[in-house]
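A.B. asks: Here it is, the structure in full.
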Amino acid sequence: MKHKMALFFIVVSIIVTAVSPAFAYDNKTFNWSYKPAPTHTPADTEENYKALLQQSEGYFIGNTNEKTLYLTFDNGYENGYTETVLDVLKEKNVPGAFFVTGHYLKTADHLVKRMVEEGHIVGNHSFHHPSLPSTNDNKLKEELESVKAMFTEITGEENMHYLRPPRGEFSERTLMLSKELGYTNVFWSLAYKDWEVDKPKGKNYAFEQVMKRIHPGAIMLIHSVSPDNAAALGDIIDACEEQGYTFKSLDDLAMHQTLF
């Protein structure tokens, strides 16, 4: 009997050891949110969100003691304005990070090539844009690896380091599993409701919405599907620089290991 029990515990131990490490992580779904602060002071977020990002080495904001900004764009599909955005970034010599889906890679590969050629970061936004906590480990890996493989096929670049979780939905499991796959999860500390392309409000509206939220260390989420954003981007960059801000890349943020 003792030998049978010993054998049982050995088998259980082997099975537990063989299970993916992600099995041990909580899969409770969270929806990213941040807390805007008045008078251009740094935004904040929930304490448990910060703890999860600390654990997984992700970001939502940079060094709040420096007037540095990080421009990021979510590119689920192309709406005809990314070329204008790229023109502005090139003219102003400002780096950006573009988080792309499988659909975007399939339909706008020429723009993805241009992003890389002009020195911008291309990040992973998943292939089908699902809620990552709703996918199992294998599906999550497939979602990310499919984007990376197509990106490499299009551009020849093998590295893809940053992930923007679709819909801003995440869990401890998705953060840690994507970290194990080599990704840094990047959320944001500045955004506004700019994805409703059927409800344009004009260049001035976009300018005002962004500028009233500017703060040191801001990771800015701007949707390039918006004609308002494309029209206002140049003025936003100029106004921020006039206020003493510098635009830097996510690579610079990662290099300095800045965690809120």
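A.B. asks: Those residues that are farther than 20 Å from His40 by Cα, of a type in the set (A, V, I, L, M) and in contact with a helix residue (DSSP H, G or I) (Cβ under 7 Å, 6 or more places away or on another chain), I need them from the stretch 183-208; list them, please.
C.D. replies: The one that is farther than 20 Å from His40 by Cα, of a type in the set (A, V, I, L, M) and in contact with a helix residue (DSSP H, G or I) (Cβ under 7 Å, 6 or more places away or on another chain): Val186.
A.B. asks: So, Trp188, is that one touching a strand residue (DSSP E or B) at 6+ places or on another chain (Cβ under 6 Å), buried (at least 22 other Cβ atoms within 10 Å of the Cβ), assigned to a loop (DSSP other than H, G, I, E, B) and of a type in the set (A, V, I, L, M, F, W, C) or not?
C.D. replies: yes
A.B. asks: Any residue that is over 12 Å from the mean Cα position of the chain (by Cα), closer than 23 Å to Met255 by Cα and open to solvent by less than 10 Å² (accessible area, probe 1.4 Å) - is there at least one of those in the stretch 98-118?
C.D. replies: So far as the stretch 98-118 goes, yes, one or more of its residues are over 12 Å from the mean Cα position of the chain (by Cα), closer than 23 Å to Met255 by Cα and open to solvent by less than 10 Å² (accessible area, probe 1.4 Å).
A.B. asks: In addition: Anything in the stretch 57-83 that is within 16 Å of Ala254 (Cβ to Cβ) and assigned to a loop (DSSP other than H, G, I, E, B)? List them, or say none.
C.D. replies: Answer for the stretch 57-83, where residues must be within 16 Å of Ala254 (Cβ to Cβ) and assigned to a loop (DSSP other than H, G, I, E, B): Glu57, Gly58, Phe60, Gly62, Asn63, Glu66.
A.B. asks: Now for a separate question. Can you name every residue in the stretch 189-216 that is of a type in the set (A, V, I, L, M, F, W, C) and modelled with pLDDT of 90 or more?
C.D. replies: Hits for the stretch 189-216 are Leu190, Ala191, Ala206, Phe207, Val210, Met211, Ile214.
A.B. asks: To continue, here is another question. Does Thr64 qualify as being more than 17 Å from the chain's Cα centre (by Cα) and hydroxyl-bearing (Ser, Thr, Tyr)?
C.D. replies: Answer is yes for this residue.
A.B. asks: Something else now. Please find, among Val122, Val94, Val88, the residue that is modelled with pLDDT of 95 or more, touching a helix residue (DSSP H, G or I) at 6+ places or on another chain (Cβ under 9 Å), on the phi < 0 side of the Ramachandran plot and assigned to a helix (DSSP H, G or I).
C.D. replies: Val88
A.B. asks: Can you name the number of the only condition in (1) assigned to a loop (DSSP other than H, G, I, E, B); (2) out of contact with any helix residue (DSSP H, G or I) (no Cβ under 9 Å at 6 or more places or on another chain) that Gln54 fails?
C.D. replies: All conditions pass for Gln54, except number (1).
A.B. asks: Only residues that are of a type in the set (Val, Ile, Thr) and open to solvent by less than 10 Å² (accessible area, probe 1.4 Å): list them for the stretch 69-97, please.
C.D. replies: Passing the criteria: Thr72, Thr82, Val85, Val94.
A.B. asks: Counting only residues that are among the charged types (D, E, K, R) and touching a helix residue (DSSP H, G or I) at 6+ places or on another chain (Cβ under 9 Å), which one in the stretch 209-255 is surrounded by the fewest Cβ atoms within 10 Å (Cβ to Cβ)?
C.D. replies: Per the stated criteria, the residue is Asp238.
A.B. asks: Show the residue pairs that are 6+ apart or on different chains and have beta-carbon atoms under 7 Å apart, the first residue being within the stretch 33-44 and part of a loop (DSSP other than H, G, I, E, B), the second being surrounded by fewer than 11 Cβ atoms within 10 Å (Cβ to Cβ) and not aromatic (Phe, Trp, Tyr).
C.D. replies: Sorted first by the residue in the stretch 33-44, then by its partner, the pairs are Ala43/Lys35.
The values are calculated or read from the model by the stated rules, or taken from the named source; none is laboratory data. Values in this document were obtained by computation on a predicted structure and should not be read as measured data. Using ideal geometry, Cβ is built from the backbone for each residue, glycine included, and neighbour counts are taken over all protein chains shown. Note: areas computed on protein heavy atoms with side chains; ligands, DNA, RNA excluded. Shrake-Rupley method; radii C 1.70, N 1.55, O 1.52, S 1.80 Å.
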